[in-house]
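The values are calculated or read from the model by the stated rules, or taken from the named source; none is laboratory data. Quick caveat: nothing in here was measured; it's all calculated off a predicted structure. Please note: Cβ atoms are built from the backbone with ideal geometry, for glycine as well, and neighbour counts cover all protein chains shown.
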Amino acid sequence: MQLANTLDTHDVLSAWQNYSHNSRWAMAIIVDCQGHSYRKRGAFSLVNQDGEQLGILSGGCLEADIRLMARKCISLNKVLTKEYDGRDETDSSYQMGCGGIVWVKFIPLNDANNHLNLTEVLKVLEQRESVRYGLDHSSDNNQKNLPAAIRSYVNSSRDAQLTIKITPKIHLLICGGGKDVTPVCQFAKQLGWKVSVWDPRAAYANKNDLMDADTILKEPFSVLSNYATEMKVNFAVLMSHNVELDTQALSSLASSEINHIALLGPKKRFEDVVAGCDVDRSNIKPNLSGPAGLDIGGDLPTSIALSIVAKFHGIAFNKF
C-alpha cells in the first residue's frame, strides 16, 4: 500500500477510513506552536503501525521522527507529546530552519476514544459542510497518558482545549471544455479540489482530455444554477472561448452562492459577456473578475491555468 503524505484533510480521512480496519493508527497533531512553523496549531497527520503516513506536519524535516513517535505511541497504547525546537539553527537534529517551536501530541486511534470521532468528521465533510472540531488533549488525572482520557467533539458548542475549523474541499466549476481546461483541472486536483466541467458542445469536454475532472456536464446552461447550489460550488471560471456560452453560463450562475466567478479573456470581452447577461450587473450575486487569474506573465495554457487556480486559492484563504 502506498499512501501520499500531501493529501488535504478530506482525502486524509477518506484514505484512513479505507485502511482503518486493517491497521492500527495514531493521530499526530500540533497542539501548540511558538514563533514560525511550517504548519500551525490544529494541523494533523495520521500514521499507522508500519510507519505509513497520511498528511504532513512539516516541510519534511520532522516527518521521519513523527512517524517514529507515532509508531511508539501505537505500540505503547499511550498518548505522547514531543517538543520540536527550531530556534537553535546550529542544532542539526531536525534542521527545521523555521526558528520556532512546535509541540506535537501523538494519540492512538481506537475504540477507547471512538477513533477521535474522525469517521463523523468525514461524514460531515462529505456533505460539503464545515466542521468545528474540538479536542481536549490533556488531563490532570492519573489516566492522562491513556487514549480514553482524550475527548473529541464534532460541531459542539463546548470550549475544548483545541478547536479547529475543518472545511470541505474547494469545488471549482469550469465552464468550457477546450484543451486549455486540462491544466486547470490538473492544478486544481493537485490541491485536492473537486472539479466539475460544463460544456454542452459535442466536440468539447472530451473525457480523455479531462481525466482529472470529477464531473463532466453536457446539459444545457439552465442546469448550472441548480448544480452550483446542490453541489456547493465555490468558484467558477468561464473559459469556453464562446461569448454566447459564457453569457449563458453567467446568466444561470448570477444568483448562485458561488463566491467568485472569473472570465477568461481581455477586459472588453469581460464587459461584453457581463453586458449580455440576463441579470443586471448590480444584481449579480457572486464577485466577478476578468481577465481571470493573476498577472504572472506567460500566454500558454499551463501558465494561464496556474494564474487562475492561484487567484482562486488566494481568495479562498482571504489573501485577496
query = Taking segment 40-92 as the region of interest, how many residues are without any contact (Cβ under 8 Å) to a residue 12 or more places away in the chain and hydrophobic (A, V, I, L, M, F, W, C)?
reply = 2
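Residue-by-condition table, conditions (1) buried (at least 16 other Cβ atoms within 10 Å of the Cβ); (2) under 17 Å from L118 (Cα atoms); (3) not assigned by TED's automatic domain parsing to the domain that holds K123:
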{"position": "A15", "(1), (2), (3)": "yes, yes, no"}
{"position": "Q53", "(1), (2), (3)": "yes, yes, no"}
{"position": "S58", "(1), (2), (3)": "yes, no, no"}
{"position": "A64", "(1), (2), (3)": "no, no, no"}
ask   = Of the residues D278, D295, D299, D214, which single one is among the acidic types (D, E) and over 22 Å from A188 (Cα atoms)?
value = D278
request  = Among residues belonging to segment 297-320 that are more than 21 Å from the chain's Cα centre (by Cα) and part of a loop (DSSP other than H, G, I, E, B), point out the one that is modelled with the highest pLDDT.
outcome  = L300
remark   = Exactly one of A4, A64, A43, A70 is modelled with pLDDT of 95 or more, out of contact with any Gly (no Cβ under 7 Å at 6 or more places or on another chain) and not polar (S, T, N, Q), and that one is A70
key: Within segment 188-205, tally of residues that are under 25 Å from V12 (Cβ atoms) and buried (at least 21 other Cβ atoms within 10 Å of the Cβ)   = 5
task = Quick one: count up the residues across segment 153-201 that are among the polar types (S, T, N, Q) and over 24 Å from H313 (Cβ atoms).
result = 5
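So that you can scan it fast, the table gives a plain yes or no per residue for (1) modelled with pLDDT of 95 or more; (2) of a type in the set (G, A, S); (3) over 14 Å from the mean Cα position of the chain (by Cα); (4) over 15 Å from T215 (Cα atoms):
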{"site": "A160", "(1), (2), (3), (4)": "no, yes, yes, yes"}
{"site": "T167", "(1), (2), (3), (4)": "no, no, no, yes"}
{"site": "I170", "(1), (2), (3), (4)": "yes, no, no, no"}
{"site": "G176", "(1), (2), (3), (4)": "yes, yes, yes, no"}
{"site": "A203", "(1), (2), (3), (4)": "no, yes, yes, yes"}
task = Look through L238, L217 and report the one residue that is assigned by TED's automatic domain parsing to the domain that holds A310 and crowded, with 24+ Cβ neighbours inside 10 Å.
result = L238
inquiry  = What pairs come out if I take residues in segment 129-141 that are surrounded by 15 or more Cβ atoms within 10 Å (Cβ to Cβ) and pair them with residues that are of a type in the set (G, A, S) and modelled with pLDDT under 85 whose C-beta lies under 7 Å away, six or more apart or interchain?
reply    = S139/A149
inquiry  = Can you report the number of residues in segment 280-290 which are exposed (fewer than 15 other Cβ atoms within 10 Å of the Cβ) and either part of a loop (DSSP other than H, G, I, E, B) or among the polar types (S, T, N, Q) (or both)?
reply    = 5
ask   = Which condition does R281 not pass, out of (1) under 14 Å from H241 (Cβ atoms); (2) at pLDDT below 95; (3) of a type in the set (K, R), if it passes all the others?
value = (1)
inquiry  = Restricting to segment 20-40, name every residue that is surrounded by fewer than 20 Cβ atoms within 10 Å (Cβ to Cβ) and at pLDDT 85 or above.
reply    = S23, R24, V31, D32, Q34, R39, K40
request  = Give me the pairs, please: first residue somewhere in segment 273-300 and closer than 20 Å to T182 by Cα, second residue anywhere and in a loop (DSSP other than H, G, I, E, B) and of a type in the set (K, R), beta-carbon distance under 6 Å, and either six or more positions apart or on two chains.
outcome  = none
task = Would you mind stating whether A228 is aliphatic (A, V, I, L, M) and more than 24 Å from N318 (Cα to Cα)?
result = no
inquiry  = T167 - would you say it is of a type in the set (S, T, Y) and in contact with a Ser or Thr (Cβ under 8 Å, 6 or more places away or on another chain)?
reply    = yes
message = For the condition surrounded by 14 or more Cβ atoms within 10 Å (Cβ to Cβ), of a type outside the set (A, V, I, L, M) and on the phi > 0 side of the Ramachandran plot, what is the one hit in G297, G293?
response = G293
